[in-house]
Each structure stands twice: as C-alpha cells, then as structure tokens.
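Here's the structure we're looking at; comments come further down.
Rule-based calculations on the coordinates, nothing more; no lab input. Computed from a predicted model, the values in this text were never measured in an experiment.
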Ligand code: SF4
Ligand code: SF4
C-alpha cells in the first residue's frame, strides 16, 4: 500500500519528502506546495519520506505497492 496518508493539515510544504524519495513518487501541489503521492504504484514502502518529514505528516504502510509476479504457483 505504500504511502497511506499525507496530512495537509500538518504539511508545511518544505519539500523534504519529495527530495528524498528514491522512487520520485511524490510531488508538490501547484497551489499550496504541499506534498502528495503522484505515483503510488512506484512507492516501495521504504519509509524514507515518513522518517524525514519534520512534522510527521506522512504515514506509510509496510508492504510493496507493486508485487513481483511469480512464474509459477506452489
Ligand atoms: S515510502 Fe519511500 S518510495 Fe514510497 S513515497 Fe516514501 S520515500 Fe518514496
Ligand atoms: S516532508 Fe512533510 S512537511 Fe515537508 S513537504 Fe513532505 S509531507 Fe510536507
């Protein structure tokens, strides 16, 4: 599920999460500058954005958004 929620009430538009996301999955809203998840399927649930956010506005979920398909099933 990756990033579950970004609170715009808490977000101060600092852009730290956007700069630190290794998957380039986050963007800033054009009007407010607040962060939102643009490419949820690219999120790898690394928790970096949640960890780096200075106001704890981001909540992540510890599972990959994009699952690796298996060529066979057990
Ligand atoms: S959890 Fe990691 S990959 Fe997902 S949006 Fe945050 S920094 Fe990017
Ligand atoms: S790091 Fe936190 S406060 Fe800064 S833009 Fe991202 S969500 Fe908003």
request  = Counting helices only, and only those DSSP H runs with n ≥ 4, report the 222 nm mean residue ellipticity of the chain as the sum of -39,500 (n - 2.57) divided by its residues, in deg cm²/dmol to the nearest 500.
outcome  = -2500 deg cm²/dmol
query = If you bin every alpha carbon distance in the chain into 5 Å steps from zero, what whole percent lands in each bin?
reply = 3, 18, 28, 23, 12, 5, 4, 3, 2, 1
